[in-house]
1. Which strands (runs of 3 or more DSSP E) does region 2-109 wholly contain that include 1 or more residues that are within 18 Å of the chain's Cα centre (by Cα) and of a type in the set (S, T, N, Q)?
2. Just checking, does region 174-184 include any residue being away from ligand 2 (no atom under 16 Å from the Cβ), over 19 Å from ILE89 (Cα atoms) and among the aliphatic types (A, V, I, L, M)?
3. Evaluate the following for ALA27: is it closer than 18 Å to PHE196 by Cα and surrounded by 23 or more Cβ atoms within 10 Å (Cβ to Cβ)?
4. Just checking, does region 178-194 include any residue being of a type in the set (Ser, Thr, Tyr) and either under 24 Å from PHE15 (Cα atoms) or assigned to a loop (DSSP other than H, G, I, E, B) (or both)?
5. Looking for whichever is in contact with a Pro (Cβ under 7 Å, 6 or more places away or on another chain), modelled with pLDDT of 95 or more and of a type in the set (A, V, I, L, M, F, W, C) here; the options are LEU137, LEU133. Which one fits?
6. When both residues are 6+ apart or on different chains and their Cβ atoms are under 6 Å apart, which pairs have a first residue that lies in region 21-49 and is closer than 25 Å to ALA209 by Cα and acidic (Asp, Glu), and a second that is part of a loop (DSSP other than H, G, I, E, B) and within 11 Å of ligand 1 (Cβ to nearest atom)?
7. Could you run through region 121-174 and say how many residues are under 20 Å from ILE107 (Cα atoms) and either part of a helix (DSSP H, G or I) or among the β-branched types (Val, Ile, Thr) (or both)?
8. I'd like the full set of residues that are surrounded by fewer than 17 Cβ atoms within 10 Å (Cβ to Cβ) and away from ligand 1 (no atom under 16 Å from the Cβ), limited to region 163-185.
Amino acid sequence: MKEFLIAPSILSADFARLGEEVDAVVAAGADVVHFDVMDNHYVPNLTFGPMICEALRKYGVSAPIDVHLMVSPVDDLISKFADAGASYISFHPEAATHIDRSLQLIIDAGCQPGLVFNPATPLHYLDHVMDKLHHILIMSVNPGFGGQSFIPSTYEKLRQVKERVAQSGQNIRIEIDGGVKVDNIRTIAEAGADMFVAGSAIFNAPDYAQVIKQMRNELAH
Ligand code: DX5
Ligand code: ZN
């Protein structure tokens, strides 16, 4: 059984105090910092790029930074994020022209690669690349915004991903992103996820440590 990882999404943080917010959430027990990159092209929203990632590293953030690229094209940003201090980099396969090449670029840049699946993106994109993956990110909302509700059909998709990972014999993390809360995290884990992105559930709460502790208590059952 893999250790469960909690990955707060800084999309819901106070951007005017981003360094302090990341410090606070790591001090509150976060394992990984989830970094949502949106380009107003692949998704209808615009966030931040490698300069902000680099600024967080210079500020002193040492936790793994999990870059979720919601961009098209993909490849130009890979080396930029690797140089900026990214730990994990994932992208949406339908936004990439050459999926295997993009995964290899991430590996060659020294980062851990992942593929991201929107609620209606089929899992066949996994067919020929399982041996390259560090993580599979399953979106439980349509990408672009924080604070949306978890789409229930995701549970069945997670079970299918879990089965595929087990069949592959590979050590691949299953990450879930969108609408993760204290009251559904246990069911999500039972369906197969072991890495949990949560934006609004953590950053909109007055006490980050309390929410993360409640999530870990749910996962311990
Ligand atoms: C949505 C992003 C998510 C988002 C999750 O496109 O990928 O990471 O921040 O936010 P919540 O946890 O509020 O659903
Ligand atoms: Zn995300």
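1. The strands (runs of 3 or more DSSP E) meeting that bar are 88-91.
2. yes
3. Taking the combined requirement at face value, the residue does not satisfy it.
4. For region 178-194, residues of a type in the set (Ser, Thr, Tyr) and either under 24 Å from PHE15 (Cα atoms) or assigned to a loop (DSSP other than H, G, I, E, B) (or both): absent.
5. Testing whether each residue is in contact with a Pro (Cβ under 7 Å, 6 or more places away or on another chain), modelled with pLDDT of 95 or more and of a type in the set (A, V, I, L, M, F, W, C) leaves just LEU133.
6. Final answer for the pair search is GLU21/ALA13; ASP36/THR47.
7. The qualifying residues number 11.
8. Once the filter is applied, which keeps residues that are surrounded by fewer than 17 Cβ atoms within 10 Å (Cβ to Cβ) and away from ligand 1 (no atom under 16 Å from the Cβ), region 163-185 yields GLU163, ALA166, GLN167, SER168, GLY169, GLN170, ASN171.
The values are calculated or read from the model by the stated rules, or taken from the named source; none is laboratory data. Small disclaimer: the values here were computed from a predicted structure and weren't measured. For neighbour counting, all protein chains shown are included, and Cβ atoms are generated from backbone atoms with ideal geometry for every residue, glycine included.
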